[in-house]
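The values are calculated or read from the model by the stated rules, or taken from the named source; none is laboratory data. None of the values given here were measured: they were computed from a predicted structure. In this analysis, Cβ positions are derived from the backbone assuming ideal geometry, glycine residues included, and neighbour counts consider all displayed protein chains. Accessible surface areas use protein heavy atoms only, side chains included; no ligands, DNA or RNA. Shrake-Rupley method; radii C 1.70, N 1.55, O 1.52, S 1.80 Å.
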Amino acid sequence: MTPEEIKNKIQTALPGTALKWVRDTLLIENPQDLPKVANFLKTSEEFRFDYLSSVTGADYLQYLEAVYHLYSMEKKTGPFVLRARVGRDQARIPSLVPLYRGAEYQEREAYDTYGIIFENHPDLRRIFMWEGFEGFPMRKDYVQEDSEILEASDIEWLEKHQVQVPEGMKKRAEELKKQGRRAVAERPGQPEPQ
Amino acid sequence: MAFTENLSSVDGGLKSELGKKGIVVATLNELYNWGRRSSIWPMQFGLACCAIEMIATACARYDIARFGAELFRPSPRQSDLMIVAGTVTKKMAPQVVRLYNQMAEPKYVITMGACSIAGGPFIDGYNVLRGIDRYIPIDVHLPGCPPRPEALLYGLMELQRKIDGQTIEKTEWYQKGLKREYPVPECGPHGLIPKFNPEVWAPREVDHRKERYGEPVLIGKKDKAPNLDAPVAARPAATSASSASQPSAS
Amino acid sequence: MEKIFSARDPSALNTETLEINFGPQHPSTHGVFRMNIVCDGETVVSLKPVMGYLHRNHEQIAENMSYAASMPYTDRLDYFNSMSNNFGYSLAVEKLANIEVPERAQYIRVIMAELTRLVNHVSVIGFLLNDLGAFFTPVLYAFREREKILDIFEEVSGARMMCNYFRFGGVKYEIQPHILQRIKEIVKKFPKFLEEFEALLSKNEILCMRCQNVGVLPKELAVSASITGPMLRASGVDYDIRKVDKYSIYGRFKFRIPLGEKGDVYDRYYVRILEMHESLKILDQALKDIPATGELVSKKMAPFLKSPRNFKPPVGEAYGRVEAPKGELGFYVVSDGTPQPWRYHVRAPSFINLTILEDMCLGHKIADVIVILGSVDIVLGEVDH
């Protein structure tokens, strides 16, 4: 089957879905259509993609993306790749957990690292990082902390636990606090020599 | 590492002479340390890859039992030695410190592998602690990724030498006012609070790695995303071969 | 008088559930895995896994370094099977940049991958028995065999565990004839060891009682939950990527896929034993057919062995997957034409196999949880990547 035929087949079965081929993958232009399309691919006799291999989040600066790799265990075919794109600020994609149980942890992982919110997910929490962690560390604009400079909150904590803190460190933390900055990791000044 | 050897008041030559006659002369210190160093019970506590090498050390081929350290205890309260075998992540660090606090005196720590010494290959990760020595004192550092079982045995022997250098009248755990419990860090919004315990560890004054590479490797060094939507002209075979084999200009 | 409690009628007993925190420091969680278990008496009512205690940010680090530099990091994903991890990653990048692999290198790859499978399955059975209470003795047997194979790895690649042996388009070092001879000897002697192992275990009454009908995973749930590897096949689904994709040169070998019937812990144990026998068959054939001489790395990739930072695959994406000993290990790589990948994702089998841990454990006793977890065969480096 050629790509165009597959696309037509899906669109005749599900009128109103906007699809587009991106290389070898099928982009679902409206993410809300994703469960419909996946359900069709899973149940239709022709495809039977009953096995969701991988769910991946990705950050393309302008938008976030979720990539789904579908295979068929029954027909031993695949992969069939679906992708859905959402804006960085309102990253909401319907969850595929009702269709594929295997998406459960993988969607939690994508939420944890990229902050894509999967609607109707039964238990959408952070999976690797702890609750209370701020930011989504795999996004390209995430900035890590500088792990060698103590901040005001650290000093406060240490003093509460009766730990002696050297004056220099205290001073530095105060300066940072005055400037309203966090101690974050900085970019290297020059590109590393080859 | 230089450890002070225990000074025995009995002359070595005399000792060996007496030994031939079946008389063993030893100081109390020697007896005390001999007993302690020959039955170090490590904690059965593995974090990552190095734990597998730790298990291999305990197995028949390397046989850690020859050093009296085969009895891996699952509880910190029964163990003398904590082998921090593997990467300590920020999520795991509070638990490691708590385990250390729960160990009874005398207690020793071996950091096994580059990760637990300083972060190792994973040093740039956002969730990786750069060395457990930021929160607890370490007795023996054991580099390698992972260290071979022989290396762990060597580390154990170094620890035994350290134990040999201790004297019963000066050991810390018989002194008053001993503080060998360290505050357990907490998970904060950006990492651990505090980032390190200044009583145990302080940043280096000159950090060559930081000077050269910046700190740490950042996500998002790139500012242009690939455009996969763009049509592919002539599909891979020829094009990729030429583009891949050209050395880059940068 | 009001009846408060009758021993003959347990339902009249009003019990409270008990919440148990299990791990992350626990000898039987295979690392730093943690579970929050709610028990009613000794029966599991709810089980919530907590992960991330070994989240080492492999993906983040890989997105900031050259393609070849990620290879040693893949070793540390599933630290029992560094060779299979290398295999998956090289397949993905080879797909991305369209690289051919020379014949001899293909054979060496298959030999290494199958040896790794032996190492993994034999150790996993040892640890499973550990979890059953046969403390350390089966592990001693397992590690004895493991050491023999690790010696081969060491001689071939220079490292016991973290081999870093594969390169894009081939493998790094030549494999000497005397090493091949030693592999042949191992393959010849291994069935005898398996026999010994099986004689001690397979019909052991305690093992049967603890494992049969425990942690049953139905076929439909297994497929829907994306379970792969020996766990899936123990549930009776005939799906082995070596057969389905025929990646590398697996199409050339004759081997069968062992399937379980019920999908309980015992099936998972036995499928692994049978898989080792099949791996030995593949090894036998590969050792017979391997060409005596030939290139190790394809001509196209040879210059990049010395200067890996110059390797720039064309813009595009690729998903490469292999049948790792624990299941489908997939690597999803997106290239933007620079020496660093734009996106690098690992589809870790033991991470996804944990999805249905709760379903398998519900209704069982708390002691069975450990056995079921042992039969899932997790390695935390991979679960938390």
So, of the residues in the range C:341-362 that are in contact with a Pro (Cβ under 7 Å, 6 or more places away or on another chain) and more than 12 Å from chain B (Cβ to nearest Cβ), which turns out to be nearest to C:Ile37 (Cα to Cα)? C:Leu357
Counting only residues that are more than 7 Å from chain B (Cβ to nearest Cβ) and aromatic (Phe, Trp, Tyr), how many does the range A:137-149 have? 0
Quick check on B:Ile168: is it modelled with pLDDT of 90 or more and either assigned to a loop (DSSP other than H, G, I, E, B) or within 14 Å of chain C (Cβ to nearest Cβ) (or both)? no
Could you please find all residues in the range C:21-59 being more than 14 Å from chain B (Cβ to nearest Cβ), β-branched (Val, Ile, Thr) and either in a loop (DSSP other than H, G, I, E, B) or in contact with a Ser or Thr (Cβ under 9 Å, 6 or more places away or on another chain) (or both)? C:Ile37, C:Val38, C:Val45
Expected output for the range A:156-179 (first residue within 12 Å of B:Asn197 (Cβ to Cβ), partner part of a helix (DSSP H, G or I) and open to solvent by 40 Å² or more (accessible area, probe 1.4 Å), Cβ below 8 Å, 6+ apart or cross-chain) is A:Val165/A:Glu159
Which condition from (1) buried (at least 17 other Cβ atoms within 10 Å of the Cβ); (2) farther than 26 Å from A:Tyr51 by Cβ is the one that C:Lys281 breaks? (1)
Residue among C:Ile227, C:Ile183, C:Ile206 that alone is assigned to a loop (DSSP other than H, G, I, E, B) and either within 21 Å of the chain's Cα centre (by Cα) or in contact (Cβ under 8 Å) with a residue 12 or more places away in the chain (or both): C:Ile227
Pairs only if they're at least six apart or on different chains, beta carbon under 6 angstrom, first in the range A:75-90 and on the phi > 0 side of the Ramachandran plot, second open to solvent by less than 20 Å² (accessible area, probe 1.4 Å); list them, first residue then second. A:Gly78/A:Tyr71; A:Gly78/A:Ser72
Got a number for residues in the range A:37-68 being under 15 Å from C:Ser226 (Cα atoms), surrounded by fewer than 23 Cβ atoms within 10 Å (Cβ to Cβ) and without any contact (Cβ under 8 Å) to a residue 40 or more places away in the chain? 2
How many residues are within 11 Å of chain A (Cβ to nearest Cβ) and surrounded by fewer than 20 Cβ atoms within 10 Å (Cβ to Cβ) if we restrict to the range C:219-243? 5
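Quick grid of which residues meet (1) out of contact with any helix residue (DSSP H, G or I) (no Cβ under 9 Å at 6 or more places or on another chain); (2) within 26 Å of C:Ala348 (Cβ to Cβ):
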position: A:Lys7; (1), (2): yes, no
position: A:Asp33; (1), (2): yes, no
position: A:Phe40; (1), (2): no, no
position: A:Phe49; (1), (2): no, yes
position: A:Gln62; (1), (2): yes, no
position: A:Ala91; (1), (2): no, yes
Could you please find all residues in the range B:65-87 being more than 12 Å from every other protein chain (Cβ to nearest Cβ) and either aliphatic (A, V, I, L, M) or under 23 Å from C:Tyr79 (Cβ atoms) (or both)? B:Ala69, B:Leu81, B:Ile83
Can you tell me which residue among C:Ile257, C:Ile282 is among the β-branched types (Val, Ile, Thr) and part of a helix (DSSP H, G or I)? C:Ile282
Within the bounds of the range B:196-209, is there any residue that is open to solvent by 90 Å² or more (accessible area, probe 1.4 Å), at pLDDT below 70, more than 8 Å from every other protein chain (Cβ to nearest Cβ) and more than 27 Å from A:Val163 (Cα to Cα)? no
Kindly indicate the residue of the range A:150-169 that is in contact with a helix residue (DSSP H, G or I) (Cβ under 6 Å, 6 or more places away or on another chain) and over 13 Å from B:Leu192 (Cβ atoms) and also farthest from the other protein chains (Cβ to nearest Cβ) among those meeting that condition. A:Ala152
Those residues of the range C:251-263 which are crowded, with 22+ Cβ neighbours inside 10 Å and on the phi < 0 side of the Ramachandran plot amount to C:Gly260
Out of all the residues in the range C:66-77, is one or more open to solvent by 10 Å² or more (accessible area, probe 1.4 Å) and not in a helix (DSSP H, G or I)? yes
May I ask you to verify whether C:Thr338 is in contact with a Lys or Arg (Cβ under 8 Å, 6 or more places away or on another chain), away from chain B (no Cβ under 14 Å) and hydroxyl-bearing (Ser, Thr, Tyr)? no
Top-ranked residue in the range B:87-119 [being without any contact (Cβ under 8 Å) to a residue 60 or more places away in the chain, under 13 Å from the mean Cα position of the chain (by Cα) and not in a strand (DSSP E or B); ranked as surrounded by the fewest Cβ atoms within 10 Å (Cβ to Cβ)]: B:Ala118
Any chance you could count how many residues in the range C:120-158 are under 16 Å from C:Ile179 (Cβ atoms) and either open to solvent by less than 30 Å² (accessible area, probe 1.4 Å) or among the polar types (S, T, N, Q) (or both)? 7
Suppose we keep only residues that are assigned to a helix (DSSP H, G or I) and more than 22 Å from the chain's Cα centre (by Cα) within the range C:139-177. Which one would you say is farthest from the other protein chains (Cβ to nearest Cβ)? C:Pro177
Is the range C:293-308 home to any residue that is open to solvent by less than 40 Å² (accessible area, probe 1.4 Å) and closer than 21 Å to C:Gly52 by Cα? no
